[in-house]
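Colleague: Got a structure here, written out as structure tokens. Questions coming.
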Amino acid sequence: RSVNIVAFGNERDEFSEDNQQPSLIWSYLGRSALVSQIDSSFSASHAGNPVFTEYQACVFGNVRLVVHDCPVWDIFDSDWYTSRSLLGGADIIVIKYSVNDKTSFQELKDSYVPMIKKALNHCSVPVIISAIGARKNGVPCTCPLCTSDRRSCVTTSEGVQLAKELGATYLELHALNDFYVQKYFGGVLEYFMIQSLNQKSSEKMKKRKKMQKCHRVQPPQLEQPEKMPILKGEASHYDADLHNLLCCCQCADVAFCPEDLSTVVEAHKIILCSVSHLFMLLFEVKSPTDIRDASIMRTAQSLFTVEAGAAFPPSPHGVPSCVPPARVVVKDSVFCSCLPDILRFIYSGAFQWERLEEDIKKKLKDPEKTEHVLEKVKCILKTPGKLNTVKDCRSHQIKRLYKTSLRLFFNTPVLADVIFKIQGATVPAHRAVLVARCEVMAAMFNGNYLEANSILVPVYGVSKDTFLSFLEYLYTDSCCPASILQAMSLLICAEMYQVMRLQHICELYIITQLQSMPSRELASTSLSIVSLLKKAKFHNSDCLSTWLLHFIATNYLIFSQKPEFQDLS
């Protein structure tokens with residue numbers, strides 16, 4: 001017997017100096033008299049920055065307790081199938097936040113609570129929301145550049161309202177001591193553990209009785225499909241795709257060069273602007289009024305000059321035509337010598353700060369010049385109105401900004417250089433992103449095809465909504481279909497453009513949705529599983545078609561009564 005607990009969120013204040021403070025889960029496991037034989041391990045998603053910590057222990061004597069503690073909410077953006085798998089296997093969900101971190105709470109409420117609600121749509125998993133810490137009554141910042149008071153606290157009423165949205169139990173833990181952790185939090189958690197164990201025992205008994213009744217009719221005997229690679233999860237190659245784009249320099253629209261024009265380093269406006277407000281200012285995506293940060297404007301003027309006439313001329317569709325790259329003169333010779341390393345840092349996700357420091361130190365061999373170049377890079381990555389520190393540059397937040405900022409350019413004409421025409425509507429896009437993320441589009445835009453020199457590219461065989469979902473995946477590396485039918489349409493589009501990872505994600509979504517359907521819903525649904533099987537076979541989705549065939553055989557009594565069952569002959 002086992003109980004699976006999944007904990008999301010960080011109990012520490014974003015600006016807290018105490019990084020050694022134990023987590024809520026670890027505090028409970030260490031203090032509870034019911035828990036014994038504690039063991040922990042880290043996920044291997046990113047060395048030095050694990051996505052979650054896994055604890056295993058014994059509770060109530062012989063019950064195995066498995067806890068996944070995920071302090072970073074990014075797992076929902078970067079690794080959809082892992083987050084879905086964690087939620088799907090959870091018996092109890094714990095959501096934690098610091099009452100002194102209003103920004104993180106607002107992000108949780110706006111971005112991630114809707115995802116959790118959607119994932120728990122067919123489940124009745126108990127949720128515990130833990131508001132941690134004593135509220136600090138600090139004086140709010142009056143700086144006109146601050147858009148919000150980051151030192152303001154999350155109120156009790158805001159926490160209670162969030163709990164109502166999720167149908168959760170709300171707890172306030174003013175400190176991680178014996179009373180709050182062991183008696184208060186532990187008492188509620190142990191109550192839900194007992195409820196979970198009772199429910200599992202009841203379901204096991206019902207299943208045994210049902211099996212005894214169903215021995216009269218035997219379905220066809222098919223072998224269990226082998227464990228599919230999509231269920232194990234396929235690693236994202238988003239950062240590698242964009243890094244390869246820099247190496248091959250396809251569809252480059254920027255050429256950096258020193259003042260003597262002796263060398264040229266090519267790049268892409270869309271990638272540069274996705275991580276830097278300075279480049280947005282330089283390429284007129286934003287105006288000085290939008291930026292409102294004197295240090296960014298000074299750095300842009302002192303470092304770069306865009307040559308007159310280098311900007312793209314307008315086209316009838318609001319998208320520039322294919323012209324040579326805009327020439328940008330780099331005024332600082334020391335910075336220019338390090339530009340290839342800086343661009344490699346930006347294109348690989350802009351989060352390997354220590355490696356950038358090491359590369360520049362090796363190249364310049366002068367501490368003063370190294371510090372000068374690194375300060376310029378910090379200013380390039382700076383968010384207007386905020387101080388930039390080495391700690392910020394080393395954090396995962398810049399990597400997250402990189403992916404979410406590229407989303408800002410999705411389905412907008414800003415910097416777009418191609419327009420897709422589909423079902424009478426137009427969808428603007430950026431060749432650099434398409435070429436980096438999709439081999440079929442790379443061949444289409446760089447080969448001897450009509451599309452290579454065309455602004456307007458027609459698309460056939462898919463709907464506008466499906467194509468937009470496909471493009472959104474290319475831009476953001478994330479995908480969240482609204483239904484099984486939409487996932488199948490997206491799978492067909494992914495197969496058409498040979499984006500295998502998206503195809504696998506859609507397969508996984510369809511499988512998890514069907515697995516979560518109760519028998520009663522499966523019997524009454526208008527969704528044709530046989531039709532899904534035919535489409536999966538036709539579009540070379542071998543894993544899904546094998547699984548669907550086994551699913552039909554396993555639920556033989558249900559599907560044999562449906563009209564489309566005859567089509568299987």
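Bear in mind these aren't lab numbers, they're just calculated from the coordinates by the rules spelled out. Predicted model only: the values in this text are computed from it and were never measured. No Cβ is skipped: glycine too gets one built from the backbone with ideal geometry, and neighbour counts run over all protein chains shown.
Colleague: Can you give the net charge of the other residues whose Cβ lies under 12 Å from the Cβ of residue 3, counting K and R as +1 and D and E as -1?
Modeller: Within the 12 Å Cβ shell, the charges total +1.
Colleague: Then there's this: For the ranges 107-117, 498-508, what's the packing order if you count other beta-carbon atoms within 10 Å of each residue, average per peptide, and put the highest first? Mind showing how you got there, number by number?
Modeller: Values: 107-117: 15.5, 498-508: 21.5.
Ranking, from highest mean packing down: 498-508, 107-117.
Colleague: Please list 3J(HN,Hα) in residue order for the range 427-438, calculated via the Karplus relation 6.51 cos²θ - 1.76 cosθ + 1.60 where θ = phi - 60°; whole Hz, with x for glycine and proline.
Modeller: 10, x, 8, 10, 4, 4, 5, 5, 5, 5, 9, 9
Colleague: So for each of 426-438, 184-196 I average, over its residues, the number of other beta carbons within 10 Å; can you give me the resulting order with the highest mean first?
Modeller: 426-438, 184-196
Colleague: Once amide H atoms are placed 1.01 Å from N in the peptide plane, what residues at a sequence separation of 5 or more from residue 418, or on another chain, have their amide H within under 5 Å of its amide H?
Modeller: 429, 431
Colleague: How high is the FRET efficiency from residue 523 to residue 158, r the C-beta distance, R0 56 Å, rounded to 0.05?
Modeller: Calculated transfer efficiency: 0.85.
Colleague: Classify the range 406-476 from the C-alpha gyration tensor, please: rounded if a/c falls under 1.5, else prolate or oblate depending on whether a/b exceeds b/c.
Modeller: rounded
Colleague: What is the range 479-568's relative contact order, in percent, from Cα pairs under 8 angstrom and six or more apart in sequence?
Modeller: Numbers: 58 pairs, mean separation 22.1, N = 90.
25 percent.
Colleague: Still on this structure, please answer the following. Count charges around residue 253 for me, please; just the other residues with Cβ under 13 Å from its Cβ, Lys/Arg as +1, Asp/Glu as -1.
Modeller: +1
Colleague: Something else about it: Between their Cα atoms, which of 118/534; 102/376; 109/421; 109/136 are more than 26 Å away from each other?
Modeller: Over 26 Å Cα-Cα: 118/534; 102/376; 109/421.
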